[in-house]
Structure formats: structure tokens, C-alpha cells
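Heads up, the thing below is written out as C-alpha cells.
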Amino acid sequence: MNEKRKRKNQSPAAVHSFLRLRERERERLGMSGTSSLLQLWQIPLTKLLFTRSRFSKVAGLYMGHGTEMYPALCFCKNIQTATYEVVNGSYVLTSQTKENKIKDKALETQENVGAFQKLPMVMPSVDILYSSLRKAKRVSATKGIANIAKRERNKGAKQLDALMKELAVPLRMYKDNFPNKKYLHPYERSLIELTLGDGSYEEVLGKVDALRKKVISVGKEHASLCAKSTTKREAEERLNEGMEKLEQIFSHDGKAVDDLLNVAKTLRAMPVVDLETPTLCLVGAPNVGKSSLVRILSTGKPEICNYPFTTRGILMGHIAFGYQNFQVTDTPGLLRRHDGSLKDLWIDGQSLGILKVAWPTPSGVGMAPLRPTLGKKRERLPQEDKTRYDRNNLEKLTLAVLSHLPTAVLYVHDLSGECGTSASDQFVIYKEIRERFSSHLWIDVVSKCDLLQESPVIFITEDSNADHLELARYRKMGPDGAIHVSVKSEAGLNELKDRVHELLVLQSALIKSEKSNQENQENQTIQEHGNLVEIRTQANELVQPLLGNANTCMMVRVLLMQQI
Ligand SMILES: Nc1nc2c(ncn2[C@@H]2O[C@H](COP(=O)(O)OP(=O)(O)O)[C@@H](O)[C@H]2O)c(=O)[nH]1
Ligand SMILES: [Mg+2]
């Protein structure tokens with residue numbers, strides 16, 4: 001405001017240079033993207049014309065001192081308050097590109113995790129209802145109404161209005177503050193799918209919003225009925241009716257709020273990962289010794305993270321090498337499917353919306369969406385289905401971690417025959433995972449080597465592939481270059497720690513270089529935009545002295561802007 005007042009008293013040239021300076025500063029600070037025509041077109045000059053004109057208050061066509069002022073100036077005045085963006089070389093009202101802005105925001109948020117820790121606290125539905133009723137009943141009639149009937153209907157309408165607002169405001173807050181799933185980091189999106197089930201998150205939020213809309217429409221309707229009452233008694237009756245109706249609706253549909261409360265609780269309990277800290281992720285079949293190795297590698301005592309659908313917790317530890325800190329975590333195990341490979345579980349790129357698992361359907365085993373796990377629905381699943389469901393989700397969690405988090409992989413192979421998954425099954429899963437995540441930094445470890453030396457194992461379940469040379473080599477030694485370790489005899493642990501250190505330092509460098517690449521790209525975009533603005537400003541300066549007529553001036557500028 002002060003800036004505006006000061007500028008009013010300055011000469012057009014001073015205003016012009018001030019605006020150019022400010023535009024440059026905005027560009028320098030990276031505030032590009034939205035450029036005000038007020039600045040780019042030096043529109044305040046026309047505003048000065050208005051203030052100088054004796055007819056500045058007259059609408060429509062303006063005449064004064066022989067100067068004709070065109071209706072274009074009215075348009076000009078309108079656009080002073082609007083901001084524009086450059087789209088395909090021409091200016092488009094910012095409101096028209098609102099969608100793009102949302103998209104930008106989405107891209108921004110997708111780069112970060114931590115949304116679950118920012119979820120709003122949800123109040124149980126009964127608490128919302130009773131506190132709203134208490135507050136509404138305390139509302140009294142507007143002071144100074146002498147007529148009893150008028151006073152009563154005024155009080156009734158006000159109380160109903162207050163109840164409606166008290167009920168609707170928290171619901172609105174939940175709607176606004178629970179993030180849209182599609183704008184979340186893909187890892188968090190996958191956790192929502194895995195823990196809550198396909199579409200459950202949106203369903204619960206949708207129900208909460210439907211309840212809000214119902215409360216508003218019923219509340220308004222009864223408040224207006226109450227306001228139309230002609231007697232004190234009628235007003236009282238309508239007030240009671242309205243209160244009862246709202247209470248009834250909220251008691252009946254308030255379950256959605258309680259479901260949302262459970263969703264928030266579940267999601268907030270998810271382990272927090274730091275994307276910028278290099279992480280080592282242990283992968284392999286169940287019982288191969290992953291957790292035991294996490295304990296050995298962690299410098300402190302690792303925490304057990306309970307993902308809601310895991311039967312056993314997952315360990316999350318920290319490794320400190322000198323001044324550097326790293327994360328180490330195990331994943332639930334991967335199993336070989338007898339009906340094929342893991343490919344049904346692949347998480348396709350960014351989207352988990354299409355995640356499907358093999359699931360018994362009424363017409364036999366087919367592809368069906370994940371079953372929701374919220375509330376009672378989960379309990380009703382038959383035991384066999386529940387086990388299958390949990391197993392699928394455990395594996396999907398492993399795949400989600402590998403797909404969406406910048407982790408280095410420590411793949412654990414157990415060739416001792418102790419873990420319950422045969423060497424050839426482990427080999428098949430390993431090859432699939434290795435191929436799928438070939439870009440990850442990687443170490444192979446053969447665990448429990450104390451047992452290997454004691455008794456070479458032969459599996460009854462081994463198939464004819466055993467003759468295959470590669471498999472035979474694998475069964476004996478694991479993948480090429482694998483480190484043989486034993487938590488029991490401590491063999492190979494020092495070598496493993498050294499290799500892990502090297503790997504994590506590399507991972508750290510990788511994260512840093514990716515980050516600086518990203519920053520460079522962003523800076524380049526800002527720079528390009530800055531150059532464009534500079535060219536436009538210079539072109540504007542050239543055209544300005546040549547053109548006297550404001551209308552023509554504007555037309556030429558529009559053409560010029562579109563050309564650049
Ligand atoms: N003999 C022997 N047993 C081990 C070794 N490492 C782990 N185990 C055992 O293997 C079983 C599974 O280990 P765990 O770390 O829970 O495997 P995870 O399911 O892959 O996390 C446990 O009973 C461990 O005691 C080892 O080096 N030698
Ligand atoms: Mg484990």
C-alpha cells in the first residue's frame with residue numbers, strides 16, 4: 001500500500017524504472033511464472049492519465065483537454081488487477097491456469113515424504129456432536145427484541161445455525177487438510193493402498209464430505225423454518241425438531257469421522273523415512289537372516305516398525321560412520337509363487353491405483369482389486385484369504401520400498417536350507433528382482449555360512465533346473481561376488497561392514513548429484529524465463545516513445561508479446 005501511495009506522486013519515468021527493477025528482483029528471487037501486466041505493460045501510466053484527467057470519475061468514453069480516452073482504458077484498468085501467465089507464447093489469465101498451479105503443487109509434494117505426520121487430529125464423532133450441541137445451546141437471541149415470538153424464533157434460528165457450523169467446520173477442515181492421494185509421494189501412496197485397501201482412503205474422505213454437505217443443507221433448512229415461525233411455541237418446536245434432526249444425522253453418519261480417525265491413526269504410525277539419508281534395504285526370502293543382519297549393522301538399537309499389515313515388525317536401524325549417518329532397514333520377505341512369478345505384484349511405475357493381486361473371485365481365481373482392510377470388513381475375511389492377503393501385502397511393501405525409495409540393496413541369500421525357501425526358489429526370485437531393480441546399488445550376501453560348512457544341503461523340492469550351471473553355481477556359492485557371512489560365528493562381518501560403508505557413501509553421492517541435477521534444471525528454467533522477460537521489457541521500451549495513442553500502443557504490445 002505504501003509503495004502504491006509513494007508511486008502515485010512520482011513521475012511516469014520513475015514509476016517505470018521502479019517497476020522494471022521490481023520485476024527483475026522478482027525474477028532473481030525465482031518468483032517468475034506469474035508476471036503482472038501491470039508491470040510488463042507499464043499500465044500505471046494509463047492510471048496516471050486517469051488521475052490527471054478532469055473526467056476521471058466518468059465512466060465510458062472520456063474526453064478532456066482534447067485528449068480522447070478510449071474504452072480500451074477501462075479494459076486496461078480491469079487488467080491492472082489481474083495477473084497473467086505466459087502460455088504458448090501468449091498471456092492467459094492466471095485463473096485459467098489454476099489447474100497448472102495445482103499440478104505444480106502436486107509435483108512439488110510428490111518429491112517429499114512425511115505427509116502422514118502432518119495429518120490433522122481427528123475428533124471422535126461423539127465429541128464433535130456433544131461439544132457442538134453444548135456450544136449451540138449457549139447461543140442467545142439478539143439483544144433488544146421485545147416481541148416474545150420474534151425473540152424465540154431469532155434464538156432458534158441462531159442456535160440451529162450455530163449447531164450446523166460447529167458440526168460442519170471440523171469436517172471441512174478434515175476435507176481440506178487430508179492430502180489428496182494422487183499428490184502424495186508414490187511410496188506413501190503405496191502404503192495407503194497396502195494398509196487401507198484400494199480406494200478406501202478416498203471413500204472415507206468422500207463420506208465425511210457427504211456428511212458435511214448434509215449437515216449444512218439440513219441445518220439451513222431448519223434454521224429458515226424456525227425463522228419463519230409465527231408463535232413462540234412454533235419457534236420452540238422447530239428449534240427442537242432441527243436439533244434432533246441434526247443430531248440424528250450426525251449420530252448415524254458420524255461413523256465416517258470415526259473411520260477417518262482410524263485412517264489417520266494408522267497412517268501416522270507408519271515408519272518415517274528420510275529420503276535424503278542414504279538407506280540400505282535388506283531384501284530376500286523370509287527367515288534368511290535379514291533382521292539379524294540389520295541388528296549387526298546398526299550402530300544403535302534398531303527400532304521395530306509395525307506396518308499395520310505385517311505379522312512381524314520390520315527393523316529400522318541407523319548406521320553412523322564417522323560424521324555420516326545412514327539408515328538400514330529390512331523388508332518383509334519375498335516368496336516364489338507356484339502359480340508363476342512375482343509379476344502380479346509389480347508396482348507399475350508411479351501409479352498404484354492399478355495394483356491388483358490374484359484373488360479368489362466368485363467365478364474362480366481371478367484378478368480382483370485389493371480388499372479393504374478398514375474396520376470390520378477385514379475381520380470377515382476367511383483365514384486362508386487373510387493369510388494370502390497379508391502375504392501379498394508384505395511382498396508389495398518390499399517392492400514399494402524398492403520402487404519408490406532411493407535405497408541401496410543388500411540382498412540376503414540363505415543356502416543352508418534353514419529358511420524354508422529352497423535355493424532354486426530363491427534363485428528365481430533373485431533373478432527377477434535383480435533385473436527389475438538393476439539401477440540400484442547392490443551387494444549380495446550369503447547368510448548363515450556357519451551352517452553351510454557343517455552340512456551341504458540337498459533339497460527334495462529342487463527341480464530339473466538344478467542341472468543348470470548357473471543354478472548349480474548359485475546353490476553352492478550364491479551369486480557371483482557374494483560375501484559369505486554368519487551372525488553366529490561372526491565370519492565375514494567385517495568385510496560386510498566395509499562393503500556396506502562403501503556402498504552407502506556411493507549412495508550418498510548419488511543422492512547429492514541427483515539433487516544438484518534437479519536444482520540445475522530448475523535454475524535453468526528460471527534463467528530462461530528471466531531472459532524472456534528481459535527481452536519483452538526492452539521491446540516495450542523501444543515501442544513506448546514511438547506510440548502516442550494508448551489504444552494503438554496496447555494493440556502493438558499485445559502483438560509484440562505474442563510474437564516473442
Ligand atoms: N545358524 C545361524 N542362524 C542364523 C544366522 N542368522 C540368522 N539366523 C537365524 O535365522 C532365523 C531367521 O533370522 P531373521 O533374522 O529373523 O530372518 P529374517 O526373517 O530374514 O529377518 C533366526 O532364527 C535366526 O536366529 C546365522 O548366521 N547362523
Ligand atoms: Mg525379519
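The values are calculated or read from the model by the stated rules, or taken from the named source; none is laboratory data. Values in this document were obtained by computation on a predicted structure and should not be read as measured data. Every residue, glycine among them, receives a Cβ derived from its backbone with ideal geometry; neighbour counts consider all protein chains shown.
Can you find even one residue in segment 281-304 that is of a type outside the set (A, V, I, L, M) and within 30 Å of Met123 (Cα to Cα)?
Yes, segment 281-304 contains at least one residue that is of a type outside the set (A, V, I, L, M) and within 30 Å of Met123 (Cα to Cα).
Select, from Pro332, Pro286, Pro278, the only residue that is within 15 Å of ligand 1 (Cβ to nearest atom) and in contact with a helix residue (DSSP H, G or I) (Cβ under 6 Å, 6 or more places away or on another chain).
Going through Pro332, Pro286, Pro278 in turn, the sole match is Pro332.
Looking for something in the same structural domain as Val328 (by TED's automatic domain parsing), of a type in the set (S, T, N, Q) and either at pLDDT 55 or above or loosely packed, with under 12 Cβ neighbours inside 10 Å (or both) - is there at least one such residue anywhere in segment 470-486?
yes
Identify the residue in segment 310-334 that is more than 25 Å from Thr266 (Cβ to Cβ) and in contact (Cβ under 8 Å) with a residue 24 or more places away in the chain and, among all such residues, is farthest from the chain's Cα centre (by Cα).
We begin by selecting, within segment 310-334, every residue more than 25 Å from Thr266 (Cβ to Cβ); these are 319-326.
The next check asks that each one be in contact (Cβ under 8 Å) with a residue 24 or more places away in the chain; those that pass are 319, 321, 324-326.
Values: Ile319: 28, Phe321: 32, Gln324: 29, Asn325: 26, Phe326: 24 Å.
Checking each candidate, the answer is Phe321.
Please specify each residue of segment 183-217 satisfying the condition of being of a type in the set (A, V, I, L, M) and either touching a Phe, Trp or Tyr at 6+ places or on another chain (Cβ under 8 Å) or assigned to a helix (DSSP H, G or I) (or both).
Answer for segment 183-217, where residues must be of a type in the set (A, V, I, L, M) and either touching a Phe, Trp or Tyr at 6+ places or on another chain (Cβ under 8 Å) or assigned to a helix (DSSP H, G or I) (or both): Leu191, Ile192, Leu194, Leu196, Val204, Leu205, Val208, Ala210, Leu211, Val215, Ile216.
I need a count of the residues in segment 286-312 that are near ligand 2 (Cβ under 8 Å from one of its atoms) and modelled with pLDDT under 85.
Of the residues in segment 286-312, 1 are near ligand 2 (Cβ under 8 Å from one of its atoms) and modelled with pLDDT under 85.
Residues that are within 16 Å of ligand 1 (Cβ to nearest atom), among the polar types (S, T, N, Q), modelled with pLDDT of 80 or more and surrounded by 15 or more Cβ atoms within 10 Å (Cβ to Cβ): does segment 316-326 have at least one?
No, segment 316-326 contains no residue that is within 16 Å of ligand 1 (Cβ to nearest atom), among the polar types (S, T, N, Q), modelled with pLDDT of 80 or more and surrounded by 15 or more Cβ atoms within 10 Å (Cβ to Cβ).
Listed residues Leu293, Leu239, Leu280; which is buried (at least 21 other Cβ atoms within 10 Å of the Cβ) and outside any helix (DSSP H, G or I)?
Every option except Leu280 fails the conditions.
Suppose the filter is surrounded by fewer than 22 Cβ atoms within 10 Å (Cβ to Cβ), small (Gly, Ala, Ser) and either free of Cβ contacts under 8 Å to residues at least 60 places away in the same chain or at negative phi (or both); does Ala157 pass it?
Against the criterion (surrounded by fewer than 22 Cβ atoms within 10 Å (Cβ to Cβ), small (Gly, Ala, Ser) and either free of Cβ contacts under 8 Å to residues at least 60 places away in the same chain or at negative phi (or both)), Ala157 does not qualify.
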